[in-house]
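Peer 1: Provided herewith is a single structure, encoded as structure tokens, for subsequent inquiry.
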Amino acid sequence: MKLSHFNAFAPICPVCRQGGREAALVIADVADGCDIAITAGMLHCVSCRHEYPILDGIPLIVPQVATLIAERGVELLLRDDLPASLESLIGDAIGPESWFDMMRQVQSTYVWDGYGDLDPDEVVSPGGPVPGAARRCLSALLALAGPRAGMTRLLDLGCAAGRTSFDLAERHPEALVLGADIHLGLLRIAQRATTGQIAYPRRRIGLVYDRRRFDVALKGTARVDFWACDAMALPFRDAQADLCVGLNLLDCVPNPRALLESLARITRPEGHVLLSTPYDWSTRATPVANWLGGHSQRADHQGAGEAFLHALLNGAPDHAVAGLGLHAEQADFAWHTRLHERSAVQYRTHLMALARR
């Protein structure tokens, strides 16, 4: 955790925030670190005294720390230095659809898209997906929003392996960029990218993975940091960010409307919120009652997500999300997601640049 980001973003306790209070977090213990960053330590809430650990340089600032560690803590403990033959044997033994296989699939998909263009061994199949879908989406959203000057604090929510966070830092050399996600394995890879190294399991097919390792030289790494945060319980004060980015996040949270309200709260007036979504709803992430579209096809909107979202942004005052308005949008943006060498998914993603009123 970089001290520059801790001081600039001044996190608050998410437990107290859920209770309607703002209570600052303080650095209570430093087990390992230096003058500019903490690798291992502990944050405390000044009010309720909740503890938030810092592991591998990543602070875990979520309401249910124990639950996050129980569900995803193994991702911070797994080795990535095993010989390929041993990693393959372990993968075969644990088997398909296991936690180990699912973790490798997620890392393969997101890290390939984020850093595959920098891998000297990567060969793109003719007609197949090309790495960088998230980065191309970010570029399109920034173009929709238009040029902005004077931005100093940028949030990349659902940052995954972090390549878009580095892109934001390169585009805005005056700003600090904070990438946030709850996927600890991806955050660990993002954090290591700041040191110039990428290592991940690239899925070939089935349970067959190739361990890829290569060096990267990314710009602005000193101005990028990564925290584990829950998008539904963001630990930030009001009007804290100049820009909030959420790529394909809206359909991955339990309550999309609550997410929009939270983004309106933490974005400063005249700031922007950049969102993309393919409306790819799943009850594993979002209860049907909270979907923006994808149901209620008997209504005039016939279940279209765009109509729901437009109503939330520019609808009647008693229904719309206060403080956010639609600045510009793009109805269809092609987003390819690689699953393995013979499989990819293409989304028609809806892009929205929202203005904080």
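Peer 1: When Lys and Arg each count +1 and Asp and Glu each count -1, what net charge do the other residues less than 15 Å away from residue 30, Cβ to Cβ, add up to?
Peer 2: Every neighbour counted, the sum reads -4.
Peer 1: Here is a follow-up. How big is D, in µm² s⁻¹, for the chain by Stokes-Einstein at 20 °C and 1.002 mPa s if Rh is the Kirkwood radius over C-alpha pairs?
Peer 2: 102
Peer 1: Also: Just rank 100, 166, fewest to most, by other beta-carbon atoms within 10 angstrom.
Peer 2: Neighbour counts put them in this order, fewest first: 100, 166.
Peer 1: Output the peptides 1-11, 320-330, 121-131 sorted from most to least packed, where packing is the average of other Cβ atoms within 10 Å over each peptide's residues.
Peer 2: Ranked by mean Cβ neighbours within 10 Å, highest first: 1-11, 320-330, 121-131.
Peer 1: Right, another one. Okay, helix-only estimate at 222 nm for the chain: each DSSP H run of n ≥ 4 adds -39500 (n - 2.57), divide by all residues, round to 500 deg cm²/dmol; what do you get?
Peer 2: Using -39500 (n - 2.57) per qualifying helix, the result is -8500 deg cm²/dmol.
Peer 1: Wrap a convex hull around the Cα atoms of region 146-263, take a quarter of its surface area, and give that in square nanometres.
Peer 2: Mean projected area of the Cα convex hull: 8.7 nm².
Peer 1: Please express the shape of region 1-117 as an equivalent ellipsoid: the semi-axes are the square roots of 5 times the eigenvalues of the C-alpha gyration tensor, given largest first in whole angstrom.
Peer 2: Semi-axes (√(5λ), whole Å): 33, 17, 14.
Peer 1: Can you sort 151, 102 so the residue with the fewest Cβ neighbours within 10 Å comes first?
Peer 2: So the ranking, lowest neighbour count to highest, is 102, 151.
Peer 1: Tell me the Kirkwood hydrodynamic radius of region 246-357 in angstroms, computed as one over the mean inverse distance between distinct C-alpha pairs.
Peer 2: 14.7
Peer 1: Considering only DSSP beta bridges whose two residues both sit in the chain, what percent are antiparallel, to the nearest 5?
Peer 2: Among the beta bridges of the chain, antiparallel pairing accounts for roughly 65 percent.
Every number here is computed from the coordinates shown, using simple stated rules; none is lab data. Predicted model, so just to flag it, every value in this text is computed and none were measured. Backbone-built Cβ (ideal geometry, glycine too); neighbour counts: all protein chains shown.
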